[in-house]
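Asks: One structure, pasted below without further comment.
The values are calculated or read from the model by the stated rules, or taken from the named source; none is laboratory data. Values in this document were obtained by computation on a predicted structure and should not be read as measured data. Heads up, the Cβs are rebuilt from the backbone with ideal geometry, glycines too, and the neighbour counts pull from every protein chain shown. Protein only, heavy atoms only, side chains kept; ligands, DNA and RNA dropped before computing areas. Shrake-Rupley method; radii C 1.70, N 1.55, O 1.52, S 1.80 Å.
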Amino acid sequence: MIPMNRFLAKFRALFRKEKLDADMAEEMRAHLELQTAENIRRGMSADEARYAARRGFGGVEQIKERARAQRGIVWLEQTRQDLRYAGRQLRRNPGFSATAIGILALGIGATTAIFSVVNGILLKPLPYDQPGQLVQIFETSPVASPGAFMDWREQATRFEGLALIRAPR
């Protein structure tokens, strides 16, 4: 079977679980009845024949579990069961649920905010062609005059460009 067709068949089996379980139970019952009839034909009593048929067939529940694992997507079915269980637990304890959801929301919000800052400051490259060649020049006087900046720009022959940034007071 093509892998995609196999996946689709397993996915469809998730929604037909009750019917497939009923079909499997009926088939197993039929096999046990046939073996019991065969054992009775060989001369066993009805109770002995049923016991021998069950013993020869093996563990019915183990066989059912193996068949379910083969026909479905086990991890998806287990996830669905876990989510249903979690939903029942959250409905049972609404105060705890509200507290847990609030704490998760705060944690996710704080993590997002911190990541946004770290990403903007540390991880994203500077919006310049060659950020490794940036130079910062400071004026030590308390007031940098626009005239001094214009002089620097005229006399700077090694720089492609200059920008003036004034710190707030």
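Asks: Please tell me if A105 is free of Cβ contacts under 8 Å to residues at least 24 places away in the same chain and under 47 Å from the mean Cα position of the chain (by Cα).
Replies: Working: free of Cβ contacts under 8 Å to residues at least 24 places away in the same chain: yes; under 47 Å from the mean Cα position of the chain (by Cα): yes.
Against the criterion (free of Cβ contacts under 8 Å to residues at least 24 places away in the same chain and under 47 Å from the mean Cα position of the chain (by Cα)), A105 qualifies.
Asks: Determine the pairs where a residue that is assigned to a loop (DSSP other than H, G, I, E, B), located within the range 123-137, has a partner that is open to solvent by 100 Å² or more (accessible area, probe 1.4 Å) with Cβ atoms under 7 Å apart, the partner being 6 or more residues away or on another chain.
Replies: L134/Y128
Asks: Which of the residues that make up the range 47-84 are over 46 Å from the mean Cα position of the chain (by Cα) and exposed (fewer than 11 other Cβ atoms within 10 Å of the Cβ)?
Replies: D47
Asks: How many residues are modelled with pLDDT of 80 or more and either among the β-branched types (V, I, T) or surrounded by 10 or more Cβ atoms within 10 Å (Cβ to Cβ) (or both) if we restrict to the range 102-147?
Replies: Here the count works out to 20.
Asks: Taking helices (runs of 4 or more DSSP H) that do not extend beyond the range 1-63, which have at least 1 residues that are among the aliphatic types (A, V, I, L, M), in contact (Cβ under 8 Å) with a residue 24 or more places away in the chain and over 27 Å from E77 (Cα atoms)? Spell out the reasoning first.
Replies: Numbers: elements: 3-15, 17-41, 46-57.
Output list reads 17-41.
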